[in-house]
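Colleague: Sharing a structure, written as structure tokens. Questions coming.
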Amino acid sequence: MGGRLSGLFRFLIGILLLQAATALLTYTALMTDLEQTVYLFAGVAALLGFLVALWFDSVVGTVREQTLAQQHKRHTREREKLRMQAEREKAKLAARKQKDSGGAKLRTGVAVGGVVGVGVAMMFAQFLTLGLLTIATAGGAAAGYGLRVRQEKRLRIQNATQNNERLIASTADELPALESQSATSRRRRKKVKE
């Protein structure tokens, strides 16, 4: 809103200056011998029109740059908000997975403990070979489950670091709308500086 009002006032100043200069030029032309000074007044009028055109072009360029800066700022805030939302969602998902795996660990522990208990009971009931076989099977299942949990944990950590690196590495080049706007604004700034 502030950029629009400042642009409006600049245009208004330019228009008022143009009208004042035109009125002064017309009054002077009417007070002199127009047959001798017609080319002089035409040249002054053309120069005045050129200067006003430059004034308006500078006002339009300034307003455009302010608008592009505001849009870039808005896109940056939105991108940051989306990044934060993605991080929160990942944290929620990780907590949910950990909670779910905690219940599975408990159930698996109870099952392995039950099988070991059955094996110990068989050993006391004089089924020594069958009891040892049951205990060995339960131990192998527990070790295999523990190894699988460790591998899954390592993979989750690796995936999380890759996702974080990819989120952090995202730039304006990955967002086509920002890329085209930033390239356009760079070209315009370069033209203005020249």
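The values are calculated or read from the model by the stated rules, or taken from the named source; none is laboratory data. Quantities reported herein were computed from a predicted structural model and do not represent experimental measurements. For neighbour counting, all protein chains shown are included, and Cβ atoms are generated from backbone atoms with ideal geometry for every residue, glycine included. Ligands, DNA and RNA are excluded from the accessible area calculation, which covers all protein heavy atoms including side chains. Shrake-Rupley method; radii C 1.70, N 1.55, O 1.52, S 1.80 Å.
Colleague: Can you tell which of 93, 68, 54 is in contact with a Ser or Thr (Cβ under 8 Å, 6 or more places away or on another chain) and either modelled with pLDDT of 70 or more or part of a helix (DSSP H, G or I) (or both)?
Modeller: Matching residue, one of 93, 68, 54: 68.
Colleague: A further question on this structure: For region 1-47, name all the residues that are more than 28 Å from residue 68 (Cβ to Cβ), open to solvent by less than 80 Å² (accessible area, probe 1.4 Å) and among the polar types (S, T, N, Q).
Modeller: Passing the criteria: 22, 26, 28, 32, 37.
Colleague: On to the next question. Just checking, does region 58-75 include any residue being open to solvent by 100 Å² or more (accessible area, probe 1.4 Å) and closer than 30 Å to residue 163 by Cα?
Modeller: Yes, region 58-75 contains a residue that is open to solvent by 100 Å² or more (accessible area, probe 1.4 Å) and closer than 30 Å to residue 163 by Cα.
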